[in-house]
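A.B. asks: Here it is: the structure, laid out below.
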Amino acid sequence: MNFEGKKVLVCGMARSGVSAAQCLYELGARVTISDSKAEEKLAEALQPLEGMDIRRCLGDQAQPADLESYDLAVTSPGIPMQAPILRAVQAAGVPLIGELELGAQVSRAPLYAVTGTNGKTTTTTLIGEIFRNLGKTTYVVGNIGYPFTACALRCGEEDVAVAEVSSFQLETISTFHPHIAVMCNITEDHLNRHGTMEEYIRVKERIFENMGQGDYAVLNLDDPIVRGMAERIPCAPAFFSRRQEVETGAYLEGEEVVFSLNGHKKRVLRADEIRIPGEHNLENALAATALAMLAGVPAPVVRHTLKTFPGVEHRIETVRTVEGVTYINDSKGTNVDASIRAVRAMKAPTVLLAGGYDKHTDFLPLAREILASKIHTVVVLGDTAEQIERALRAVGFESILHAKTFEEAVLLARSCAREGENVLLSPACASFDMFQDYEERGRVFKEIVSRL
């Protein structure tokens, strides 16, 4: 689409909305921004738009009176489709896309994408590092915290764009077309937005809908829901697996990571040479290996990256050791399955901090895992504290403490942990009851620990 002179409404003034407005303005569009918050509450967020001829519809005036006259609306992923402004846009017949879709339309770089419930951020970051080590100018964008539109105008044909894609972003794609896309896994998440698992899976699967001949969908063969997608995708399937050999993709053979293309094998490295620990990170490494080598990256570049990549912030991140107790930041554990993976990674007795924003998920699987793990005490907090406590008591786990504030939770955990033990923040919930996002929650945790 040629955006020159087009009248475009941008909905939601968080990072992605502000970035989309900037991008559209530079493309010559006539931009209007919309947000239900009043202008004084958005003052800091809107600073990047100062000096630009952009119309502002904010607070009580969030819906433009001339909505039918707009050529396009662009929405931030955090706005649900049922929000009044998006319902009004659709009722007015204005085409609606998301910020990620806009970035993909503007960018000229080959696009690779990663989605799934857990492992997205680590896998996306790892793939980005592989391409950087290949010598490519690489933009790692999307749900990882850096809007695609922030760099889309700079993304050239010789560069690479790697996008972490959420289900929220996939609701509003239209032409989004990766050359290779990874589906890490599917477990229960975001049911407060999508309603049912069937709808959540349908939205996730949209990542493949515009792909075709010459493209690859990299699927987790060990996940039955993801494995079943191979029957429906419009492009060639590839797989990654810790448990069995695959014809095309990456798998574990004995103690070695192997890449196979139509049955022709290349040995990449031993599994114990991968720097990031844990079985879940082995899966992430296999997924990244499959995508990178399908994209033509030589095995030595992949091997070097897997040996040196240290992991990502807020994902089972060791913060510091105080009086013999190691504090671990897994604020990225925003759902039950992610926290189960963190609990399994604990090799020493551990105090767990859990709880947060309610996404309408079942905590019993986490409770069962805790009962069988190294966790000896759980400090619960936030909107879901009582739900988590009920699940723990239902399986017979009784060592539970309640905290009213986040800092109190950390201090309670400290009082329960002994030398040689861990304190693990892995909330199994989103952060919106207390924080702007999981990153802020992780930063605050690290700040509190730094003061101990």
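The values are calculated or read from the model by the stated rules, or taken from the named source; none is laboratory data. Please read these numbers as outputs of a predicted model, since none were measured by experiment. Virtual Cβ from ideal backbone geometry, glycine too; neighbours counted across all protein chains shown. For accessibility, only protein heavy atoms count, side chains too; no ligands or nucleic acids. Shrake-Rupley method; radii C 1.70, N 1.55, O 1.52, S 1.80 Å.
A.B. asks: What dipole magnitude, in Debye to the nearest 20, does the range 159-199 give about its Cα centre under +1 on Lys/Arg Cβ and -1 on Asp/Glu Cβ? Spell out each step's value before the answer.
C.D. replies: On the way: 1 positive and 7 negative charges, 15 e Å.
That gives a dipole near 80 debye.
A.B. asks: Calculate for the chain the 222 nm mean residue ellipticity that helices alone would give, adding -39,500 (n - 2.57) per DSSP H run of length 4 or more and normalising by residue count, nearest 500 deg cm²/dmol.
C.D. replies: Details: 15 runs with 143 residues, N = 452.
Value at 222 nm, helices only: -9000 deg cm²/dmol.
A.B. asks: Moving on to the next point. Work out how much length ASP71 to ARG55 would gain on full extension: take 0.36 nm times their residue separation and subtract the Cα-Cα distance, in nm to one decimal.
C.D. replies: Numbers: separation 16, 0.36 × 16 = 5.76 nm, distance 1.51 nm.
Answer, rounded to one decimal: 4.3 nm.
A.B. asks: Let me ask something additional. Subtracting the Cα-Cα distance from 0.36 nm times the residue separation, let me have the gained length for THR308 to ARG270 in nm, one decimal. Please report the intermediate quantities before stating the final value.
C.D. replies: Values: separation 38, 0.36 × 38 = 13.68 nm, distance 1.35 nm.
Once the chain is fully extended between THR308 and ARG270, it gains 12.3 nm.
A.B. asks: Then there is this: What longest range of the chain stays clear of loop-exposed trypsin sites (Lys or Arg not before Pro) (DSSP non-H/G/I/E/B, at most 12 other C-beta within 10 angstrom)? Walk me through the numbers before you get to the answer.
C.D. replies: On the way: sites that count: ARG232, ARG243, LYS347, LYS404, ARG418.
After excluding every exposed loop site, the longest remaining stretch is 1-231.
A.B. asks: Tell me, what ³J(HN,Hα) does each residue in the range 377-384 have, in order and in whole Hz, if you take phi through Karplus 6.51 cos²θ - 1.76 cosθ + 1.60 with θ = phi - 60° and put x for Gly and Pro?
C.D. replies: 9, 10, 9, 9, 7, x, 4, 9
A.B. asks: Taking 22 Å as R0, compute the FRET efficiency from the Cβ-Cβ separation of GLU44 and MET81 and round it to 0.05. The partial results should precede the final answer.
C.D. replies: On the way: r = 27 Å, r/R0 = 1.24.
E(calc), rounded to 0.05, equals 0.20.
A.B. asks: I'd like the accessible area for VAL343: 1.4 Å probe, protein heavy atoms, all chains in place, Å² to the nearest 10.
C.D. replies: 0 Å²
A.B. asks: Provide the net charge surrounding GLY156, with neighbours chosen by a C-beta distance below 13 Å and charges set as Lys +1, Arg +1, Asp -1, Glu -1. Spell out each step's value before the answer.
C.D. replies: Details: positive: ARG108, LYS136, ARG154; negative: GLU157, GLU158, ASP159.
Here the charged neighbours net out to 0.
A.B. asks: What size of dipole, in debye to the nearest 20, comes out for the chain about its Cα centre when the only charges are +1 on Lys and Arg C-beta atoms and -1 on Asp and Glu C-beta atoms?
C.D. replies: On the way: 47 positive and 60 negative charges, 165 e Å.
In debye, rounded to 20, the chain gives about 800.
A.B. asks: Additional query: Counting only protein heavy atoms and using a 1.4 Å probe, what share of the accessible area of the chain belongs to carbon plus sulfur, as a whole percent? Don't skip to the end; give the middle numbers.
C.D. replies: Working: 8670 of 18550 Å².
About 47 percent, which is the carbon plus sulfur part of the accessible surface.
A.B. asks: Additional query: Taking 0.36 nm per intervening residue step and subtracting the Cα-Cα distance, what contour gain separates GLU231 from MET197 on full extension?
C.D. replies: On the way: separation 34, 0.36 × 34 = 12.24 nm, distance 1.88 nm.
Length gained between GLU231 and MET197: 10.4 nm.
A.B. asks: Sticking with this structure for a sec: In Å², and per residue, what accessible area does the range 215-364 have when probed at 1.4 Å with the other protein chains present?
C.D. replies: Details: 6000 Å² over 150 residues.
About 40 Å² of surface per residue is accessible.
A.B. asks: Find how many whole Å separate the alpha carbon centroid of the range 294-373 from the alpha carbon centroid of the range 41-78.
C.D. replies: 38 Å
A.B. asks: Here's something else I'd like to know. Can you compute the FRET efficiency between LYS404 and ASP358 using 1/(1 + (r/R0)^6), with r the Cβ-Cβ distance and R0 = 25 Å? Round to the nearest 0.05. Write out the running numbers ahead of the final one.
C.D. replies: On the way: r = 17 Å, r/R0 = 0.68.
In this case the efficiency is close to 0.90.
A.B. asks: Using +1 on the beta carbon of Lys and Arg, -1 on that of Asp and Glu, and nothing else charged, what's the dipole of the range 15-107 about the Cα centre, debye to 20? Kindly include the intermediate steps, with their values, before the conclusion.
C.D. replies: Values: 7 positive and 13 negative charges, 37 e Å.
Here the size comes out at about 180 debye.
A.B. asks: Ok, one more. Largest first, how would HIS190, HIS177, HIS264, HIS360 line up by accessible area (1.4 Å probe)?
C.D. replies: Details: HIS190 45, HIS177 75, HIS264 140, HIS360 120 Å².
Descending accessible area places them as HIS264, HIS360, HIS177, HIS190.
A.B. asks: Under a crude label model (7 Å from the Cα following the beta-carbon direction), how far is SER415 from ALA372 in nanometres?
C.D. replies: Label-label distance for SER415 and ALA372, simple model: 3.3 nm.
A.B. asks: Rounded to whole Hz and in sequence order, give me ³J(HN,Hα) for the range 93-101 from the Karplus expression 6.51 cos²θ - 1.76 cosθ + 1.60, θ = phi - 60°, writing x for Gly and Pro.
C.D. replies: Ordered by residue, 3J(HN,Hα) equals x, 7, x, 10, 10, x, 4, 4, 4 Hz.
A.B. asks: So, one more: Would you work out which of GLN387, ALA428, VAL322 lies farthest towards the positive end of the dipole of the range 306-442? Charges go on Cβ: Lys and Arg +1, Asp and Glu -1.
C.D. replies: VAL322
A.B. asks: From the phi angles alone, apply the Karplus equation (6.51, -1.76, 1.60; θ = phi - 60°) to the range 43-51 and give each ³J(HN,Hα) in whole Hz, x where the residue is Gly or Pro.
C.D. replies: Computed from phi, the couplings for the range 43-51 are 3, 5, 4, 8, 3, x, 9, 4, x Hz.
A.B. asks: Can you list residues whose amide H is under 5 Å from ASP215's amide H, if they're 5+ apart or on another chain and H is modeled 1.01 Å from N?
C.D. replies: Sorted by chain and number, the residues that satisfy this are ALA236.
A.B. asks: Given R₀ = 56 Å, FRET efficiency for LYS347-LEU153 by Cβ-Cβ distance, to 0.05? All intermediate terms of the calculation are to be shown ahead of the outcome.
C.D. replies: Details: r = 47 Å, r/R0 = 0.83.
It comes out at approximately 0.75.
A.B. asks: Which residues' amide hydrogens lie under 5 Å from the amide hydrogen of GLU253, considering only partners 5 or more residues apart or on another chain, with H built in the peptide plane?
C.D. replies: Residues meeting the criterion, in which the H sits 1.01 Å from N, are VAL258.
A.B. asks: Among PRO48, GLN244, SER174, which residue has its Cα furthest toward the positive end of the charge dipole of the chain, with +1 on Lys/Arg Cβ and -1 on Asp/Glu Cβ?
C.D. replies: Most positive-ward Cα: GLN244.
A.B. asks: Which translational diffusion coefficient, to the nearest whole µm²/s, is obtained for the chain from the Stokes-Einstein equation, given a Kirkwood hydrodynamic radius over C-alpha pairs, 25 °C and 0.890 mPa s?
C.D. replies: On the way: Rh = 23.0 Å.
Once the numbers are plugged in, D ends up at 107 µm²/s.
A.B. asks: Per residue, how much accessible surface does the range 46-196 expose to a 1.4 Å probe? Answer in Å², no decimals. Spell out each step's value before the answer.
C.D. replies: Details: 5460 Å² over 151 residues.
That works out to 36 Å² per residue.
A.B. asks: Continuing with this model, one more query. Excluding ALA428 itself, what net charge comes from residues whose Cβ is under 15 Å from its Cβ, given Lys and Arg +1 and Asp and Glu -1? Mind showing how you got there, number by number?
C.D. replies: Numbers: positive: ARG315, LYS332, ARG341, ARG344, LYS359, ARG368, ARG390, ARG441; negative: GLU188, ASP189, ASP330, ASP337, ASP358, ASP362, GLU369, ASP383, GLU386, GLU389, ASP433.
Charge balance in the 15 Å sphere: -3.
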